[in-house]
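Have a look at the structure below, then the notes.
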There are 2 protein chains.
Amino acid sequence: MDDDRVFRALADPTRRHLLDRLHERDGRTLTELESELEMTRFGVMKHLKVLEGAGLVVTRRSGREKLHFLNPVPIRLIHDRWIDKYTERRVSALADLKTTLEDAG
Amino acid sequence: MDDDRVFRALADPTRRHLLDRLHERDGRTLTELESELEMTRFGVMKHLKVLEGAGLVVTRRSGREKLHFLNPVPIRLIHDRWIDKYTERRVSALADLKTTLEDAG
DNA sequence: TTGACATGTGACTGTTTAGTCACCTATTAT
DNA sequence: ATAATAGGTGACTAAACAGTCACATGTCAA
């Protein structure tokens, strides 16, 4: 798995949106994902290809359809690069606090 | 904290290297960080500004020096976006396994 | 106060990247 | 068979970005 590909893949808002959709529910086809976006099929296809190349999305063919699944492992590896086990608890608590405060207002 | 700024900031290898250095040891100055890189001071300064704008680096002035510190909270928020508490344990184990296998050769 | 040091700004250039289009292949249903 | 469906390729354009440079401000030591 290539570091650089993962980070570059995550740098685009459309690709992050695709990951959000797959996180919500796995196994979607290109056509289904395309229908939610203000973009041509070719644009979405390119983005999915980038995500797949980065290992953030894995696919399975089923007839003429291609099903897409989220692979969260590269995300965890990013986390582990800058947050070691000793500080994880503290940082996690801070992040939870931040989310709670933002959700509240 | 702006999502997009964080992801774009992480998309560049030089900026990730700077985060690595700060993860190793906090409180470095621009000049110190510059000396390790094959790049002019201006390039490094621009990168640090991007990291600061994303909230990944926080700074403190001390006389004519500017000290840089790593803030890992945005990284944790990325993690939490696609890895919920229920799957965290499993994904974490997979990531550890991957690291172990790669370190072994 | 003079010179060295540490950081900062705005403009410029070459490269990369997002998004589209014309055109193509493979699979399914009738 | 044939028409509709699902996915795929290579070339193109406009916008974004990395990196550099001339020039400038504020701080420290002798």
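Laid out as a table, the results:
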quantity	calculated
About the Cα centre, charge dipole magnitude for chain A (Lys/Arg +1, Asp/Glu -1 at Cβ), debye	380 debye
Förster-model FRET efficiency, 41 Å R0, A:Phe42 and B:Arg89, C-beta, rounded to 0.05	0.60
A/B buried area, accessible surface, summed, 1.4 Å probe, Å²	3100 Å²
Computed magnitude of the charge dipole of the protein assembly as shown (debye, nearest 20; Cβ of K, R +1, Cβ of D, E -1)	140 debye
Helix A:13-24 axis, angle to chain A major axis (alpha carbon atoms, nearest 10°)	90 degrees
Spatial separation of Cα centroids for segment A:13-27 and segment B:58-82, in angstrom	27 Å
Exceeding the 24 Å Cα-Cα cut-off - candidates A:Lys46/A:Lys66; A:Lys85/B:Lys98; A:Lys46/B:Lys98	A:Lys46/B:Lys98
Per-residue mean of C-beta atoms belonging to partner chains within 10 Å, peptide B:93-102	3
Protection proxy ranking of A:25-36, A:92-103 - average other beta-carbon atoms within 10 Å, highest first	A:25-36, A:92-103
Helix axis angle, A:85-104 relative to chain A longest principal axis, alpha carbon, degrees	70 degrees
Charge dipole of chain B about the Cα centre (unit charges at C-beta), most positive-ward option of B:Thr99, B:Met45, B:Ala11	B:Met45
Amide hydrogen neighbours beyond the local backbone of A:Arg28, cut-off 5 Å, H modeled	A:His68
Directionally averaged projected area (convex hull, Cα atoms, chain A), nm²	8.2 nm²
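The values are calculated or read from the model by the stated rules, or taken from the named source; none is laboratory data. Because the structure is a prediction, the values reported are computed rather than measured. Cβ coordinates were reconstructed from backbone atoms using ideal geometry, including for glycine residues, and neighbour counts include every protein chain displayed. To get the accessible areas, we keep the full protein, side chains included, count just its heavy atoms, and leave off ligands, DNA and RNA. Shrake-Rupley method; radii C 1.70, N 1.55, O 1.52, S 1.80 Å.
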